[in-house]
Amino acid sequence: MWNKTRVTEQLGIKYPIIQGPFGGGLSSITLLTTVSNFGGLGSFGAHHLSPAEIQTLVSIINTQTRKPFAINLWVKDHDGEGLSLPEKSFDQAYEVLEPYFKELGLKKPAYPEQFGYTFDAQIETILESSPPVFSFVYGIPSPDILRECKKRGITTIGTAITPDEAVALDDAGVDLIVATGFEAGGHRVAFLQEAENSLIGTLSLIPQSVDLTRAPIIAAGGIADSRGMKAAFALGAEAVQIGTAFLACAESNASDLHKQKLFSDEAKYTALTRAYTGRLARGIVNRMMIETTPYQNKFAPYPAQSWFTGQIKQAAIEQKRDDLMSLWCGQSASLIHCKNADDLMNELIKGMQC
Ligand SMILES: Cc1cc2nc3c(=O)[nH]c(=O)nc-3n(C[C@H](O)[C@H](O)[C@H](O)COP(=O)(O)O)c2cc1C
């Protein structure tokens with residue numbers, strides 16, 4: 001039976017299909033519960049939320065599903081001075097983005113109280129609210145945290161983008177490992193090497209990770225239909241994590257503008273960029289990505305760059321300006337056509353049965 005693996009057994013789910021978490025406000029409770037109630041594992045990317053918001057999120061989800069679900073955080077919560085940018089760097093980062101602020105009729109933003117939240121504060125809430133699954137990227141939580149998760153019955157899912165990272169997660173005793181090839185939409189969540197030096201495709205990454213680890217491997221990156229799933233299982237994966245195809249569904253919190261782009265011809269053309277967050281991530285090539293890349297040495301480190309572009313994005317969505325906002329997207333977007341999560345789950349499962 002294709003749907004009976006160590007991953008389904010460990011997570012207590014019917015199908016080895018994980019809806020990838022989306023950080024930065026693109027996850028939704030409806031998408032998570034739809035996938036979890038269907039028998040997969042729904043996830044919510046919560047790295048941009050305050051500890052109080054995470055607590056509320058978990059309580060609401062608990063009222064809407066009795067099935068397992070995952071809350072996802074970013075272990076390395078900032079780069080360099082990204083959480084407390086000196087004024088000079090604030091002005092320098094703004095200077096690169098100033099033309100877009102002006103084009104959208106926005107004033108220079110005031111220096112904020114904070115650019116983002118710390119992992120240390122967020123993880124306290126995760127432990128207190130104990131979601132069934134805690135998934136994470138950009139590193140490995142401390143042994144104390146992993147021990148505490150075990151004690152509280154929280155299954156842990158770490159993320160590797162190289163075989164070395166898969167081994168590091170396995171050695172740390174993480175329960176399950178997502179291995180993400182560079183086809184994937186969103187960030188290259190490197191933690192051992194620079195992201196630019198961690199660009200391995202799914203076809204190479206999965207079998208190497210399977211061979212090197214005791215923990216089961218969940219394949220991610222470029223999987224958008226049952227052909228991709230079958231390939232992942234043939235390589236030894238015991239589940240798949242799908243991002244872009246779920247992001248395009250009505251239930252996700254991506255803007256209509258973003259979803260239209262995912263179904264457009266332009267989704268064939270993606271690139272890795274630091275323009276939108278200060279960290280390397282894959283999205284559809286657009287004007288702001290192209291124009292700002294030559295000035296990337298002036299970008300603010302994560303999360304400050306994200307804070308700047310987040311304000312531009314809000315106005316860009318209101319003014320229907322898809323040239324001035326991140327359009328995260330993986331390399332297999334051209335394969336997607338399902339417009340809601342139930343249809344996508346049904347189609348994936350049907351494809352696996354024949
Ligand atoms: C918009 C977007 C945001 C994402 N945010 C996160 C995140 O916060 N945490 C995480 O573990 N993965 C994140 N991912 C990765 C996905 O969960 C998933 O692993 C990846 O999209 C799989 O590749 P695919 O897009 O080719 O299906 C994100 C992906 C996208 C497209």
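At-a-glance table
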{"quantity": "Sites matching chymotrypsin sites (Phe, Trp or Tyr not before Pro) across segment 222-270 that sit in DSSP coil, with at most 16 neighbouring C-beta atoms within 10 Å", "calculated": "Phe263, Tyr269"}
{"quantity": "Using a Förster distance of 35 Å, the FRET efficiency for Ile317-Arg227 (Cβ separation, nearest 0.05)", "calculated": "0.55"}
{"quantity": "Arg287 - accessible surface, heavy atoms, 1.4 Å probe, Å² rounded to 10", "calculated": "70 Å²"}
{"quantity": "Between helix 119-129 and the chain: long-axis angle, C-alpha atoms, 0 to 90°, nearest 10", "calculated": "40 degrees"}
{"quantity": "Taking the chain and dividing mean pair separation by its residue count, relative contact order in percent (alpha carbons under 8 Å, at least six apart)", "calculated": "19 percent"}
{"quantity": "GluC sites (Glu not before Pro) restricted to DSSP loop in segment 62-130 with at most 14 other C-beta within 10 Å", "calculated": "Glu81, Glu113"}
{"quantity": "Acute angle (nearest 10 degrees) that the helix 341-353 long axis makes with the longest principal axis of the chain, alpha-carbon atoms", "calculated": "40 degrees"}
{"quantity": "Of all accessible heavy-atom area on the chain, the percent that carbon and sulfur account for (1.4 Å)", "calculated": "50 percent"}
{"quantity": "Accessible heavy-atom area order of Arg282, Arg6, highest first, probe of 1.4 Å", "calculated": "Arg6, Arg282"}
{"quantity": "Candidates per GluC sites (Glu not before Pro) in segment 144-206, loop by DSSP, up to 13 other Cβ within 10 Å", "calculated": "Glu194"}
{"quantity": "Partners for Lys14 among lysines (Cα-Cα distance below 27 Å; same-chain residues under 8 apart left out)", "calculated": "Lys4, Lys67, Lys150, Lys151, Lys230, Lys339, Lys350"}
{"quantity": "222 nm mean residue ellipticity, helices alone, for the chain (DSSP H n ≥ 4; -39,500 (n - 2.57); rounded to 500)", "calculated": "-12000 deg cm²/dmol"}
{"quantity": "Which of Ala239, Gly80, Ser129, positive extreme of dipole for the chain (C-beta unit charges)", "calculated": "Ala239"}
{"quantity": "Per residue accessible area in Å² of segment 74-146, where ligands, DNA and RNA are left out and the probe is 1.4 Å", "calculated": "50 Å²"}
{"quantity": "Partner lysines for Lys108 [C-alpha distance under 18 Å; skip if fewer than 8 residues away on the same chain]", "calculated": "Lys88, Lys298, Lys313"}
{"quantity": "Hits among aspartates and glutamates - C-alpha to C-alpha of Lys320 under 15 Å, sequence gap 8 or more where chains match", "calculated": "Glu103, Asp256"}
{"quantity": "Mean shadow area of segment 236-332, taken as a quarter of the surface of its Cα convex hull (nm²)", "calculated": "7.3 nm²"}
{"quantity": "Nearest 10 degrees, 0 to 90: helix 87-103 Cα axis against the chain principal axis", "calculated": "90 degrees"}
{"quantity": "Antiparallel DSSP beta bridges within the chain, percent to nearest 5", "calculated": "20 percent"}
{"quantity": "Solvent exposure ordering (accessible area, 1.4 Å, most first) of His258, His187, His78", "calculated": "His78, His187, His258"}
{"quantity": "Whole-angstrom gap from segment 31-64 to segment 189-261, using each part's C-alpha centre", "calculated": "20 Å"}
{"quantity": "Extension gain (nm, one decimal) between Glu196 and Arg147, 0.36 nm per residue minus Cα-Cα", "calculated": "14.4 nm"}
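The values are calculated or read from the model by the stated rules, or taken from the named source; none is laboratory data. It should be emphasised that the depicted structure is a prediction, and the values quoted were computed from it without experimental measurement. In this analysis, Cβ positions are derived from the backbone assuming ideal geometry, glycine residues included, and neighbour counts consider all displayed protein chains. Side chains are part of the model used for accessible areas, which takes the heavy atoms of the whole protein and leaves out ligands, DNA and RNA. Shrake-Rupley method; radii C 1.70, N 1.55, O 1.52, S 1.80 Å.
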